[in-house]
1. Could you say which residue among Ile240, Ile234, Ile257, Ile229 is within 16 Å of the ligand (Cβ to nearest atom), touching a Lys or Arg at 6+ places or on another chain (Cβ under 8 Å) and hydrophobic (A, V, I, L, M, F, W, C)?
2. Yes or no: segment 132-149 includes at least one residue that is among the hydrophobic types (A, V, I, L, M, F, W, C) and assigned to a loop (DSSP other than H, G, I, E, B).
3. Checking Met11 against (1) under 22 Å from Leu237 (Cβ atoms); (2) buried (at least 18 other Cβ atoms within 10 Å of the Cβ), only one condition comes out false. Which one?
4. Which members of segment 189-241 meet the condition of being in contact with a Ser or Thr (Cβ under 7 Å, 6 or more places away or on another chain) and within 27 Å of Arg297 (Cα to Cα)?
5. Checking Ala246 against (1) away from the ligand (no atom under 15 Å from the Cβ); (2) under 20 Å from Asn109 (Cβ atoms): exactly one of these is not met. Which one?
6. Ala186 fails exactly one of the following numbered conditions: (1) among the aliphatic types (A, V, I, L, M); (2) in a helix (DSSP H, G or I); (3) surrounded by fewer than 23 Cβ atoms within 10 Å (Cβ to Cβ). What is the number of that condition?
7. Residues of segment 306-338 being modelled with pLDDT of 75 or more and away from the ligand (no atom under 16 Å from the Cβ), which ones?
8. Going through segment 135-163 one residue at a time, which ones are among the β-branched types (Val, Ile, Thr) and in contact with a helix residue (DSSP H, G or I) (Cβ under 9 Å, 6 or more places away or on another chain)?
Amino acid sequence: MDIWDPQKESMKRDEIEQLQLERLQATLNRVYKNVRHYKTSFSDIDFMPEDLQSLTDFNKLPFTTRQDLRDDYPYGMFAVTLREVVRLHAPSLGFEKPVVLGFTKNDLNCWVELMARCLSGVGVTKDDVVQISMPTWKILNTFGIQRGAELIGASVLPVSIKNLPNQVKIMRDFRTTILVTTPGFAMGLINAISSSGIDMITLSLKQGIIGSEAWSENTRNLIEKNLHITATDIYSLTEIFGPGVAWECHEKNGLHISEDHFLPEIIDPVTLEPLPPGAEGELVITTLTKEAFPLVRFRTGDLTSLNYTPCGCGRTHARISRISKRTDDVFVMNATCVIPDQINMIITKLNNGKEPVFQLQAERKKDRDTLTVIIEVTDTMFFDEIKKQLLIVDDIQLAISEFLGWNVHVKFVEQGSIDRKKQVLDNRSL
Ligand SMILES: [Zn+2]
């Protein structure tokens, strides 16, 4: 496979680090000057941007959380004036204060370039028909994929997921060669093709770029075997672009993170200490080229590890292992997008404003998906008396069920019994 930007994607390690240091210094200067949140958080630790002399100095800077992004709703985290912003994204409009991202023209151009790297890296050329099949709540992801594919010169076909048989018909009639979608949809498509009576061999499909949800090697094997394609992973992060941050090459041994645009770190999510390459922990990302919405040490909530060894594909950018667990990300159940942060808000409201420690456990029994919300009871939370506990279980159960539109179960457990690294335990086997 061709490398889209060989000069940038195959830099030597010392060249990458030098470029990262220069871009990091520029980013820190910009956010200190233009974003109140960063000016305050840097001042709190007596840090001035010029204090940064090496990448190791960077460890002392405070993290940025999703809550920080919400607190500065709508434009408080922007490092440019609104006149310079040409695109706004608000991926979670259901929140009272959603995260709002801004993009300058340069930001959008970077996104397009990064998507072109990813798509060409898995073999997309101007001869391909790229079908982008995304659920409506992932619609923002399609913009970057679409423009990246167009930059390569491919024919792009964005289709919202509604009716699987229609998707199959489009795939056959338009001679789709590349499918960009979620693992759940790819699995649904297998059944739809099988019920349509269409012989898979008559389709032109050759490659699947699959992402937006965590998926396993087992699911990859099923998709590849049944759709007769090669399936590669793509990592999306809505607070940065959506897709385009990291993606898997044909070596299928980790996802390349574009280190000329992002500085990745792995930390222990409990102690917040940095972890060495190879150790699994929470991915923290600093943007190095974003103009409108730069992020410094942003805690993604995604658990992965970093591998700096050069890849067999010829690229030198570090690889993250496939995201097996997302500590605070969304998942789809009963055709509804379940967002742990929204569940958190409901429980917090019913708990006099105190945030709970909780876990969402998804199961599939007899083709039915069920969700159990496990909540830790602490000394300062909820009520001591069992009777009152039962009442609040009912209240929480009702509030979450009404919110989602289907019944959930709520269970209280003792303090310390929930694994804090896993906010979502999705035990449904695809
Ligand atoms: Zn590679």
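1. Every option except Ile257 fails the conditions.
2. Within segment 132-149, not a single residue is among the hydrophobic types (A, V, I, L, M, F, W, C) and assigned to a loop (DSSP other than H, G, I, E, B).
3. It is condition (1) that Met11 fails.
4. Ile210, Gly211, Ser212, Glu213, Ala214, Ser236, Leu237, Ile240
5. (1)
6. Unmet for Ala186, out of (1) among the aliphatic types (A, V, I, L, M); (2) in a helix (DSSP H, G or I); (3) surrounded by fewer than 23 Cβ atoms within 10 Å (Cβ to Cβ): (3).
7. Here is the first cut: in segment 306-338, the ones modelled with pLDDT of 75 or more are 306-323, 333, 338.
Selection gives Ile323, Met333, Val338.
8. Step one: of segment 135-163, the residues among the β-branched types (Val, Ile, Thr) are 136, 139, 142, 145, 152, 156, 159, 161.
The answer is Ile145, Ile152, Val156, Val159, Ile161.
The values are calculated or read from the model by the stated rules, or taken from the named source; none is laboratory data. On a predicted model such as this, the values are computed, not experimentally measured, just so you know. We place every Cβ from the backbone using ideal geometry, glycine too, and count neighbours over all the protein chains shown.
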